[in-house]
Amino acid sequence: MTGSELSALPPGSTIGILGGGQLGRMLSLAAARLGLRTHIFTPEAGSPASQVSDQTTVAEYTDLKAITDFAKSVDVVTYEFENVPSKTAISAAVAAPIFPPIEALDVAQDRLTEKTFISNTAGVPVAPFYEVNNEFDASRALKVLGGKCVLKTRRLGYDGKGQQIISSEDMCAPAFKALGGVPCIAEQFIPFVREVSVVGARSPSGQYSAYPLIENEHRNHILYQSVCPAANDSGQAQSYAQSIAETLDYVGVLAVEFFELEDGSLLVNEIAPRVHNSGHFSMDAGCTDQFELHIRAIAGWPLGNTMPTHVTEMTNLLGEDMTDWETLAGDPDTRLHIYGKADARPGRKMAHINRRKS
Ligand code: AMP
């Protein structure tokens with residue numbers, strides 16, 4: 001079934017979500033507000049999403065019988081992480097529509113496919129890149145890309161994991177080895193002035209709606225803070241994000257992360273075919289939040305309003321930050337969102353807070 005054939009799912013319908021983390025949890029809460037039910041598929045018992053959902057299947061993603069049974073029990077399937085194995089997504093799609101489309105997963109799972117698709121098919125600029133399959137490719141990449149680049153594994157990298165900066169010939173072989181000798185991509189090192197993102201949604205009928213530009217600050221490669229609306233929003237990032245969504249015939253929320261250069265031009269760093277950490281501000285921004293936006297899109301509902309009424313700053317709380325929860329809970333200007341994870345390991349995303357800035 002294609003997006004355009006999907007009629008709106010009435011209240012009482014069930015959304016199936018692959019993944020039981022905090023994104024699945026916030027999607028379930030948004031679905032519940034709209035009178036929709038959720039069924040979570042996760043390998044983890046007692047997951048953050050299961051705690052607030054109607055039903056959970058606990059099984060491995062490779063258990064294709066369990067996936068098919070799960071998909072048969074729901075009206076539409078979606079996912080909260082982009083590394084859903086393709087066989088899993090295909091098995092689900094046999095029994096129920098799956099949104100965002102499987103092509104978006106294929107693009108987002110492999111950095112080489114992603115960069116090639118974004119630049120060649122969608123016509124949106126990315127950092128110059130080079131395919132690296134061995135240490136010799138890494139040295140060639142260094143020369144071609146101007147003497148400094150970021151070597152990244154093509155698959156399964158996140159939050160800066162699976163990356164090495166190389167800036168001299170003798171760094172190439174050790175960097176490739178440190179990444180496990182797996183297929184990589186080298187990207188030119190971009191001296192960006194800031195990192196920004198666009199979170200927007202496309203509906204089955206082709207309606208597209210995005211929040212204003214979001215400015216993101218990372219610490220130790222993990223998102224620390226996002227502010228929306230960001231200063232100096234030319235609208236170019238939203239137009240690039242819309243082109244990518246249209247080229248993919250996308251349905252659901254799509255996040256696009258960019259590097260902004262000194263002259264204001266933008267290069268896509270990566271896309272996420274799902275709700276995104278930089279969109280969490282929207283929960284307290286006076287408009288439709290990104291979780292409801294996604295549920296509305298995949299259920300074939302009108303998208304809602306993505307124009308915030310004020311500036312909101314979102315800050316992630318990691319394991320080590322949770323000792324402060326009582327103080328934060330006592331601050332009337334802070335909206336606290338805790339994910340229900342049992343184990344507050346250092347560096348683990350446990351919660352976030354939203355604060356109104358103006
Ligand atoms: P990624 O996992 O691709 O999102 O990269 C994590 C972080 O590494 C980004 O948010 C940037 O801060 C930095 N980074 C990634 N690629 C580049 C690049 N080509 N040039 C400069 N910094 C980069």
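The values are calculated or read from the model by the stated rules, or taken from the named source; none is laboratory data. Bear in mind that the values here come from a model prediction, so they are computed numbers and not experimental data. Cβ placement follows ideal geometry from the backbone for every residue including glycine, while neighbour counts extend to all protein chains displayed. Remember, those area values only see protein heavy atoms, side chains included, never the ligands or the DNA or RNA. Shrake-Rupley method; radii C 1.70, N 1.55, O 1.52, S 1.80 Å.
Tabulated values for the structure
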| item | result |
| --- | --- |
| Strands (runs of 3 or more DSSP E) within segment 291-358 that include 3 or more residues touching a residue at least 24 places away in the same chain (Cβ under 8 Å) and open to solvent by less than 80 Å² (accessible area, probe 1.4 Å) | 312-318, 349-356 |
| Long-range neighbours under 7 Å by Cβ, at least six apart or interchain, first residue open to solvent by less than 40 Å² (accessible area, probe 1.4 Å) within segment 125-136, second of a type in the set (S, T, N, Q) and assigned to a strand (DSSP E or B) | 127/188 |
| Pairs, first open to solvent by less than 10 Å² (accessible area, probe 1.4 Å) in segment 250-268, second at pLDDT below 95, C-beta under 6 Å, six or more apart | 251/3 |
| Only one of 119, 139 that is small (Gly, Ala, Ser) and farther than 17 Å from residue 179 by Cβ | 119 |
| Some residue of segment 283-290 being more than 28 Å from residue 337 (Cβ to Cβ) and surrounded by fewer than 24 Cβ atoms within 10 Å (Cβ to Cβ) | no |
| Test set (1) farther than 19 Å from residue 25 by Cα; (2) without any contact (Cβ under 8 Å) to a residue 60 or more places away in the chain - residue 71 fails condition number | (1) |
| Residue within segment 215-231 that is surrounded by fewer than 20 Cβ atoms within 10 Å (Cβ to Cβ) and charged (D, E, K, R) present | yes |
| All positions within segment 139-154 that are at pLDDT 95 or above and outside any helix (DSSP H, G or I) | 145, 148, 149, 150, 151, 152, 153, 154 |
| In segment 161-174, residue farthest from residue 85 (Cα to Cα) [restricted to those that are within 13 Å of the ligand (Cβ to nearest atom) and either in contact with a Pro (Cβ under 6 Å, 6 or more places away or on another chain) or open to solvent by 20 Å² or more (accessible area, probe 1.4 Å) (or both)] | 167 |
| Residue list for segment 81-119, filter: away from the ligand (no atom under 15 Å from the Cβ), open to solvent by 30 Å² or more (accessible area, probe 1.4 Å) and either of a type outside the set (D, E, K, R) or over 19 Å from the mean Cα position of the chain (by Cα) (or both) | 85, 86, 87, 90, 93, 94, 95, 102, 116 |
| Unmet requirement for residue 247, which otherwise passes all of (1) of a type in the set (Val, Ile, Thr); (2) buried (at least 16 other Cβ atoms within 10 Å of the Cβ); (3) within 16 Å of the ligand (Cβ to nearest atom) | (3) |
